[in-house]
1. What FRET efficiency comes out for the pair L42/S15, r = Cβ-Cβ distance, R0 = 22 Å, nearest 0.05?
2. How large, in percent, is the carbon and sulfur part of the accessible surface of the chain at a probe radius of 1.4 Å?
3. Take each complete run of DSSP H in the chain, measure how far its Cα atoms stretch along the helix's own axis, and keep only those covering 30 Å or more with mean Kyte-Doolittle hydropathy at least 1.0; list them.
4. Of the listed pairs K85/K109; K65/K87; K65/K90; K34/K90; K34/K109; K21/K48, which have alpha-carbon separations greater than 18 Å here?
5. If I histogram all Cα-Cα distances within the chain using bins 5 Å wide from 0, what percent of pairs lands in each bin?
6. Could you provide, to the nearest whole Å², the per residue accessible area of the stretch 44-111 with probe 1.4 Å?
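The values are calculated or read from the model by the stated rules, or taken from the named source; none is laboratory data. None of the values given here were measured: they were computed from a predicted structure. Here Cβ is always computed from backbone atoms with ideal geometry, including for glycine, and neighbour counts include all displayed protein chains. Side chains are part of the model used for accessible areas, which takes the heavy atoms of the whole protein and leaves out ligands, DNA and RNA. Shrake-Rupley method; radii C 1.70, N 1.55, O 1.52, S 1.80 Å.
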Amino acid sequence: MKKIKITESDLKIASASEVKKIFAEAGKSKEGKKTYADEMELFYFMEKIQQELKRRHISRYAFAKNAGMNPFVLSRAMTNIEDAKYKTLKKMANGLGKGLRLELYDLPKHT
């Protein structure tokens, strides 16, 4: 197999205005709004996990062991949080001495 080297000049980083334009366009549809809300909930969950690990100076490996998880499963869940199961998310929260709660709440303009 031939190896390909990717340089920084090969990468294109979207500008803030391009990203805002993409999200504004996606947010026009009902499905786009729901997908965005779902993604943001998972993003904020993962951000809180990352902040807690940094605050406590805990490596991912130590975190996985503390949560009773295989480090590879934890790593996969942290890089692809959209596919993580509730059980995995709960173990992650418990590994930090925290709980994970699902709750029902009223959505704006939802009947």
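1. For R0 = 22 Å, the calculated efficiency reads 0.35.
2. Numbers: 5660 of 9890 Å².
Percent of accessible area from carbon and sulfur atoms in the chain: 57.
3. none
4. Over 18 Å Cα-Cα: K85/K109; K34/K90; K21/K48.
5. Once binned at 5 Å, the Cα pair distances of the chain give 2, 9, 15, 17, 13, 13, 15, 11, 3, 1, 1, 0.
6. Spelled out: the 1.4 Å probe surface of the stretch 44-111, per residue, equals 80 Å².
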